[in-house]
Each structure stands twice: as C-alpha cells, then as structure tokens.
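Asker: Provided herewith is a single structure, encoded as structure tokens, for subsequent inquiry.
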Amino acid sequence: LGYPVYRKVINFGALPNAENKSVAHGIPTPYKIKSVTGIASDGNNEIPLPHTSYLALTYHMHLFVRKTDNTVVIGAGMDRSAYNAYITIEYIKAAL
C-alpha cells in the first residue's frame, strides 16, 4: 500500500546575501517530505538548488525544510540576492 504524493511549488523570492533565509511553505501537518528541489534565476542564468561548486565553498547553496517552524530554508555563501527562486516540495500527508 502506498500514499498519494502531493506537490507544492513555493515562490521563495530573492535569495539571501551570504546568510540563511526562510519562507513558510504552508503545508498542513502532519506531513513527510519526499523531495525538495528548486531553481534560482537572475534572468540570464539558472542554478539548480541545492547547488554545489567545485570552485569554492562560498558558491554552495543549501536547501532544506525545517519542520520546527514549517519553513523552507536556503543558505548562500555569497550574495545571491539578484536571484529569485522557486522551490518544489513533494510530500505525503502522514506522520511516518
């Protein structure tokens, strides 16, 4: 037996400047995250989220869901405020 998988896309807005930023995702509890991904764009470039780089740690951007306050968190090691992001969360309505 399986559970139906739901998907929600969140307009995260501008990415942070060398810090973490969180945005409420609005998914009702209880839920269990199956995947979280995103895309950040400045109009010319698109960066998948989360993002790692072989060039330097400051280029990395992490992405996670914080269940304590039901938010999506993106952290950047450098100024990424020129980029806006959309985050896709896939989840099931269950407390597993």
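The values are calculated or read from the model by the stated rules, or taken from the named source; none is laboratory data. Bear in mind the structure is a predicted one, so any value in this text is a computation, not a measurement. In this analysis, Cβ positions are derived from the backbone assuming ideal geometry, glycine residues included, and neighbour counts consider all displayed protein chains. Protein only, heavy atoms only, side chains kept; ligands, DNA and RNA dropped before computing areas. Shrake-Rupley method; radii C 1.70, N 1.55, O 1.52, S 1.80 Å.
Asker: Using 0.36 nm per residue of separation minus the Cα-Cα distance, give me the extension gain between Thr88 and Leu55 in nm, one decimal.
Answerer: 9.2 nm
Asker: Could you order Thr71, Thr52, Thr88, Thr37 so the one with the most accessible surface comes first? Probe is 1.4 Å.
Answerer: From most exposed to least exposed: Thr52, Thr37, Thr88, Thr71.
Asker: For the chain, what relative contact order do you get, as a whole percent, if you take Cα pairs closer than 8 Å and at least 6 residues apart?
Answerer: Details: 214 pairs, mean separation 46.2, N = 96.
About 48 percent, as a whole number.
Asker: Assuming a ≥ b ≥ c are the square roots of the Cα gyration tensor eigenvalues, decide whether the range 29-85 counts as rounded (a/c under 1.5), prolate (otherwise, with a/b larger than b/c) or oblate.
Answerer: Verdict is prolate for the range 29-85.
Asker: Turning to a different aspect of this structure: Largest first, what is the accessible-area ranking of Arg7, Arg66 with a 1.4 Å probe?
Answerer: Working: Arg7 160, Arg66 80 Å².
Ranking Arg7, Arg66 by accessible area, largest first, yields Arg7, Arg66.
Asker: Per residue, how large is the accessible surface of the chain? Use a 1.4 angstrom probe and give square angstrom.
Answerer: 60
Asker: Still on this structure, please answer the following. If you place +1 on the Cβ of every Lys and Arg, -1 on the Cβ of every Asp and Glu, and leave all else neutral, what size is the dipole of the chain about its Cα centre, to the nearest 20 Debye?
Answerer: Computed charge dipole of the chain: roughly 480 debye.
Asker: With only alpha-carbon atoms counted, please give the Rg and Dmax of the chain, in Å.
Answerer: For the chain, the Cα radius of gyration and maximum Cα-Cα distance read 14.0, 45 Å.
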